[in-house]
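Undergrad: Pasting a structure here, questions to come.
The values are calculated or read from the model by the stated rules, or taken from the named source; none is laboratory data. None of these values were measured; they are calculated from a predicted model. Neighbour counts run over all protein chains shown; Cβ positions are idealised from the backbone, glycine included. Surface accessibility is based on the protein's heavy atoms, side chains included, excluding ligands, DNA and RNA. Shrake-Rupley method; radii C 1.70, N 1.55, O 1.52, S 1.80 Å.
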Amino acid sequence: MIKKITSIIVTFSILINISLRADEGMWLPLLLKQLNESDMQKNGLKLSAEDIYSINKSSLKDAIVHFNGGCTAEIISDKGLLLTNHHCGYGQIQAHSTVQNDLLTNGFWAMNASQELPNPGLTATLIVRMEDVTAKVLAGVSDEVNETEREKKINETINAIQKEAVKGTHYGAYIRPFFYGNEYYMFITETFRDVRLVGAPPSSIGKFGGDTDNWIWPRHTGDFSIFRIYANKDNNPADYSPDNVPYKPKHHLPISMKDIEKGDFTMVYGFPGRTSEYLSSYAVDMIMNESDPAKVKIRETRLAIMDMEMKKSDSVRIQYASKYASLANYYKKWIGEINGLKKLDAINKKKQFEQNFLSKVNADNNAKNKYGKLFNDLEKAYTQFNPLNKQRDYYIEAILGIESVFYAYTYVNLIDSLNKGKKPEELQKDIERLQTAKKQFFKDYDSKTDEKVCAALLKIYYDNIDKTQQPDVFREIEKKYRCGNNTTLMFEKYVADIYKKSIFVSETDITKVLSNIAKNYKKVQKDPVYKLMLSCYTKFVQDIRPQYNKLEAEVNNLNRIYMKAIKELVSDKKYYPDANGTLRVAYGKVDGYFPRDAVFYNYYTTLDGLMEKENPVVDEFIVSPKLKELYQKKDYGQYADKNNELRIAFCASNHTTGGNSGSPVLNGEGQLIGTNFDRNWEGTMSDIMYNPDQVRNIILDVHYTLFVIDKFAGAGYLLNEMTLVK
Ligand code: ARG
Ligand code: GLU
C-alpha cells in the first residue's frame with residue numbers, strides 16, 4: 001500500500017514537476033548555500049555549505065580529485081594517499097601486469113614508498129575554485145544570430161576568459177555550459193602528473209562478481225585501489241621524478257568507523273559525467289527505441305567474440321581485460337536503461353508533462369508567442385535527427401569498433417600532410433607520437449581476435465545501414481567477394497584477405513613502414529585496411545557529419561529554449577543542471593528498495609553473502625583461500641559491525657552517474673563512510689528519469705576497504721597515515 005501511494009505521488013510529482021524528495025539532483029557546490037543547505041541540514045547534514053565548498057578556507061572540496069579525467073578519487077591522508085575504485089585504476093593495474101607478474105589476478109601492495117609504481121600519463125586534478133561566468137560568456141550574444149555563429153562567438157569569449165583567468169599561474173581553466181547553454185561556469189584546476197600505484201586487491205576481490213554482478217545490487221565487490229599523489233618540493237604539480245615528495249593536501253577525509261544505519265544521511269562528492277534529465281519525449285523515444293538498442297546489438301557481437309578468444313588464451317585474456325570490461329559496462333547499462341524507462345513509462349510521463357506545460361504556455365500570450373511552436377519544432381527536428389544519429393552510432397560503434405580500422409585512422413593526418421608535400425622533418429613530432437602509440441596499441445592487440453570482430457561488425461553495418469548511405473568500399477566487397485547470398489562468408493573472406501596483407505595488423509610491418517615514412521607513405525595509402533578505413537571515414541566526414549552537426553545544433557538550440565521555458569514557467573521548483581563532468585554534490589539517505597513485486601532488498605551486504613556466491617569453477621566468483629580463512633576464523637578485528645559481521649557494500653538514494661565511480665560517500669559530519677562504485681540495475685534510467693523508489697547508488701563500505709588493506713593484504717601500515725574516527 002505504501003508503495004502504491006509513493007508511486008502515485010511520484011507520478012504526480014513528475015507531472016507537475018515538483019520534486020517531493022530531496023534525493024534527486026547533482027548540485028553545484030558553489031550554490032549549495034543558496035539552494036540546498038537548509039534542506040541538507042534538515043536531512044542530517046551537520047556541516048555548513050561553507051564546510052563543503054569554500055574558497056576562503058580549506059573545505060571538503062580540497063580532498064576531491066578528478067582521477068584521470070574520468071573517475072573520482074578522494075584524498076585520505078596528509079601524505080596525498082588517494083582512494084578510488086579498482087575499476088578506475090584498472091588500466092594502470094593492467095599496464096603493470098604481465099603473464100608472469102599478473103597484478104590483476106594477484107593484486108599488488110607497495111610495502112613502502114620505494115615500491116609504489118609510477119604511471120606515465122595518469123593525472124589527478126583538484127578544483128581550486130569555480131565561478132559563474134554566464135554574464136561574461138553571453139555578453140553580446142543575441143537570440144537572433146544562428147546557432148553556428150552563436151557557438152563561434154561563445155567559444156571565442158570562453159577561450160579568452162579561460163586564458164585570462166590562469167595567466168601567470170600553473171593552474172588550468174575550463175568553462176562548461178549548464179542548462180543547455182543558459183548558464184556557464186568556470187573551473188580553475190590544479191593537475192598533478194606524478195600519481196603512483198600503492199595498492200590493489202586481487203580481481204577476486206576488486207572485481208568479485210565481474211560482469212555478471214556489474215550494475216547489480218546486492219553486491220559483494222571490493223572495488224577499490226589506492227594511489228598516491230606526488231608533488232615537487234614546493235608541493236606543486238611536477239612530472240614524475242624520484243625526487244618528488246608526497247603531496248600535502250589542504251584537507252584529507254577522516255574515516256568514520258561507525259556502523260551505517262538505514263536512514264543515515266549521505267552525500268556523494270564527485271564528477272558525474274553526463275545526464276539528460278530535461279529532454280523532450282521525442283528525444284527519450286529516440287534513445288530508448290533506436291539508439292540504445294542499436295548500440296546494445298553491436299556490442300553484444302563484439303563482446304561475444306572477445307570473450308571466446310579470451311577464454312582460449314591467457315595472453316589474450318590480459319590484453320583484452322580492460323577493453324572488454326569497458327565495452328561490457330555500457331552495454332549492460334543501456335539494457336538496464338531501456339528496461340527502466342519502459343517500467344517508468346517514461347515517454348508517456350514526458351508527454352503528459354509536455355501537455356501540461358503547453359496549457360501553461362497557451363494560457364499566457366507572451367509565453368505563447370515565445371514557446372507556442374516549441375514542441376512542433378522539437379518533433380520535426382528529432383524526426384530529421386534520428387536517422388543521422390543512427391548513422392553516427394553505427395559509424396562509431398561498428399566501424400571504429402574494429403581495432404585495425406581505428407588504428408589506421410590515427411595515420412590519416414600524417415599521410416595527408418606528406419601528400420601535401422610536407423617534409424618528414426616537419427612532422428617529427430607526429431611521427432614520434434605514432435611510435436609511442438604503436439607500442440601501446442600492439443601490447444594489447446591480437447589480430448586473430450580483431451579479424452573476427454571486423455568481419456562480424458562489417459556485416460552488422462551492412463545489414464542495418466541503408467545501401468545508399470554505405471561507404472563505397474561495400475560495393476567493392478560485394479563485387480570481389482560475393483558468395484551467393486551468404487554475406488557472413490563474404491565478409492569473412494574479405495577480412496581474411498585484407499588481414500593477410502595489411503601493415504596495420506602487424507607490429508613488425510608497421511615498424512618498418514614508420515621507420516622511413518617519407519618513402520613508404522604511398523604504400524600506406526594502398527594498404528587494404530587503410531582503404532577500408534578511408535572509405536568509411538570519408539563517407540562519414542563528407543556526407544554524414546555536416547548534416548549531423550547542423551541538426552545537432554538545431555536540437556541544442558531548441559533544448560536550450562525548452563530548458564529556459566521550463567525554468568520560467570515552472571518556477572516553484574529548484575533545478576539542478578545535468579551532469580557534465582564537473583564537480584557536484586548529491587545527497588540522499590541509506591535505504592533498501594523493492595526491485596520487483598513482493599521482493600525487498602536490504603541496504604547492506606556482508607562477507608557471509610560473498611561466501612554464498614562463491615563458485616570455484618566460475619572465474620568471477622572465486623574466493624581466495626586467504627579471504628576464506630579470515631571468514632572462517634571470523635577474524636574481522638575492528639572492522640566488524642555490531643553483530644560481528646563484516647559488511648561489504650551498502651546502497652543509498654544519492655543521484656549519481658558514470659564518473660561518480662570512486663567518489664567519496666560522506667556522512668553528515670563530512671567523514672568518509674564508503675566509496676561509490678556503481679548504480680543498481682533498476683535505477684540505470686536515472687540518467688534520463690530519476691525515481692526515488694528505484695534508484696540506488698552502490699557504495700563500498702569503508703570497513704571492508706580497511707579490512708582488505710589490513711587483514712587481507714598485510715598493508716596495515718597505510719592505516720597509520722589515515723584519520724580514523726571511532
Ligand atoms: N558499472 C560500474 C561503472 O559504471 C562498474 C564498471 C566496472 N566493472 C565491470 N565489471 N565491468 O563504471
Ligand atoms: N561505475 C560507474 C563509474 O565508473 C558509476 C556507476 C553509475 O553510472 O552510476 O562512474
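Undergrad: Taking the full set of protein chains and a 1.4 angstrom probe, give the accessible area of Arg433 in square angstrom, rounded to the nearest 10.
TA: 150
Undergrad: Say R0 is 60 Å: what FRET efficiency, to the nearest 0.05, do Asn56 and Gln435 get from their beta-carbon distance?
TA: 0.80
Undergrad: For Lys350, Lys523, Lys207, give me the order by solvent-accessible area with a 1.4 Å probe, most accessible first, ignoring ligands, DNA and RNA.
TA: Details: Lys350 20, Lys523 125, Lys207 60 Å².
If we order Lys350, Lys523, Lys207 from most to least accessible, we get Lys523, Lys207, Lys350.
Undergrad: A further question on this structure: Determine by what factor the alpha-carbon radius of gyration of the stretch 94-225 differs from 2.2 N^0.38 Å, reporting the quotient.
TA: Normalised by 2.2 N^0.38 Å, the Cα Rg of the stretch 94-225 equals 1.58.
Undergrad: Which whole-number value in Å² is the accessible area per residue of the stretch 537-652, probe 1.4 Å? Walk me through the numbers on the way to the answer.
TA: Details: 5280 Å² over 116 residues.
Value for the stretch 537-652: 46 Å² per residue.
Undergrad: Moving on. Give the Kirkwood hydrodynamic radius (Å, one decimal) of the stretch 89-161, defined as one over the mean of 1/r across all pairs of different Cα atoms.
TA: 17.2
Undergrad: Taking the Cα centre of each part, how many Å lie between the stretch 542-571 and the stretch 271-345?
TA: Here the answer is 25 Å between Cα centres.
Undergrad: On a full-extension model of 0.36 nm per residue, what is the gain between Lys550 and Asp472, subtracting their alpha-carbon distance, rounded to one decimal in nm?
TA: Result for the pair: 25.7 nm of gain on full extension.
Undergrad: Starting from the Cα of Glu190, step 7 Å along the direction of its Cβ; do the same at Tyr174; then give the gap between the two resulting points in nm.
TA: Between Glu190 and Tyr174, the simple spin-label model gives 1.9 nm.
Undergrad: Starting at the first residue of the stretch 398-410, write each ³J(HN,Hα) from the Karplus equation 6.51 cos²θ - 1.76 cosθ + 1.60 with θ = phi - 60°, in whole Hz, x for Gly and Pro.
TA: For the stretch 398-410, the Karplus curve yields 8, 6, 6, x, 7, 4, 5, 5, 5, 5, 4, 4, 6 Hz.
Undergrad: Same structure, new question: For the stretch 585-679, calculate the relative contact order in percent as a whole number, restricting contacts to Cα pairs under 8 Å that are 6 or more residues apart.
TA: 30
Undergrad: Let me ask something additional. Spin-label point model (7 Å from Cα, Cβ direction): what's the Asp234 to Asp608 distance in nm?
TA: In this crude label model, Asp234 to Asp608 measures out at 5.7 nm.
Undergrad: Around Ile648, which amide H atoms from residues at least 5 apart in sequence, or from another chain, sit under 5 Å from its own amide H, with H modelled in the peptide plane?
TA: Close amide H contacts, sequence-distant or interchain: Thr605, Thr606, Leu607.
Undergrad: For Arg696, what residues show an amide H to amide H distance below 5 Å, using hydrogens built from the backbone and excluding near sequence neighbours?
TA: Asn680, Gly683
Undergrad: Right, here's the next one. Which whole-Hz couplings ³J(HN,Hα) result when phi for each residue of the stretch 599-610 is put into the Karplus expression 6.51 cos²θ - 1.76 cosθ + 1.60, θ = phi - 60°, listed in order with x for Gly and Pro?
TA: 10, 10, 9, 5, 8, 9, 10, 9, 4, 4, x, 4
Undergrad: Rounded to the nearest 10 Å², what accessible area does Glu151 have for a 1.4 Å probe in the complete protein model?
TA: The accessible area of Glu151 comes to roughly 90 Å².
Undergrad: While we're here: Between the stretch 193-220 and the stretch 613-671, how many Å separate their Cα centres?
TA: Centre-to-centre distance over Cα atoms comes out at 11 Å.
Undergrad: On the accessible surface of the chain, probed at 1.4 Å, how many percent belong to carbon and sulfur atoms?
TA: 51
Undergrad: Another question about this same structure. For His96, tell me the accessible area in Å² from a 1.4 Å probe, rounded to the nearest 10.
TA: Taking all protein chains as shown, His96 has close to 50 Å².
Undergrad: If you rank Lys500, Lys333 by how much accessible surface each has, with a 1.4 Å probe, what is the order from largest down?
TA: Lys500, Lys333
Undergrad: Relative contact order of the stretch 563-631, please, whole-number percent, based on alpha carbon pairs below 8 angstrom and at least 6 residues apart.
TA: Taking the mean separation of contacting Cα pairs over the length of the stretch 563-631, I get 14 percent.
Undergrad: Can I ask one more? Distance between Cα centroids, the stretch 691-723 to the stretch 152-175: provide it in whole Å.
TA: Using only Cα atoms, the two centres lie 38 Å from each other.
Undergrad: Please report the net charge: other residues with Cβ closer than 15 Å to the Cβ of Ala640, K and R +1, D and E -1.
TA: Numbers: positive: Lys258, Lys633, Lys634, Lys642, Arg647, Lys711, Lys726; negative: Asp259, Asp608, Asp635, Asp641, Glu645, Asp701, Asp710.
Here the count lands on 0.
Undergrad: Where does the Debye-calculated log10 I(q)/I(0) of the chain sit at q = 0.05, 0.08, 0.11, 0.12 Å⁻¹, using only Cα point scatterers of equal weight, no solvent?
TA: The calculated log intensity ratios at q = 0.05, 0.08, 0.11, 0.12 Å⁻¹ are -0.26, -0.70, -1.38, -1.60.
Undergrad: Whole-Hz Karplus ³J(HN,Hα) for the stretch 611-625, in order, using 6.51 cos²θ - 1.76 cosθ + 1.60 and θ = phi - 60°, x for Gly and Pro?
TA: Calculated HN-Hα couplings, in order: 5, 4, 7, 3, 8, x, 9, 10, 2, 5, 10, 6, 10, 6, x Hz.
Undergrad: Turning to a different aspect of this structure: With each pseudo-label sitting 7 Å past Cα toward Cβ, what's the Leu117-Lys567 distance in nm, one decimal?
TA: A separation of 4.6 nm, rounded to one decimal place.
Undergrad: Taking amide hydrogens as modeled 1.01 Å from N in the peptide plane, which residues meet the under 5 Å criterion relative to Ser663, leaving out close sequence neighbours?
TA: Distant-sequence amide H within range of Ser663: Thr72, Asn676.
Undergrad: Right, next: How high is the relative contact order of the chain, in percent, counting Cα pairs under 8 Å that sit 6 or more residues apart?
TA: For the chain, the relative contact order is 24 percent.
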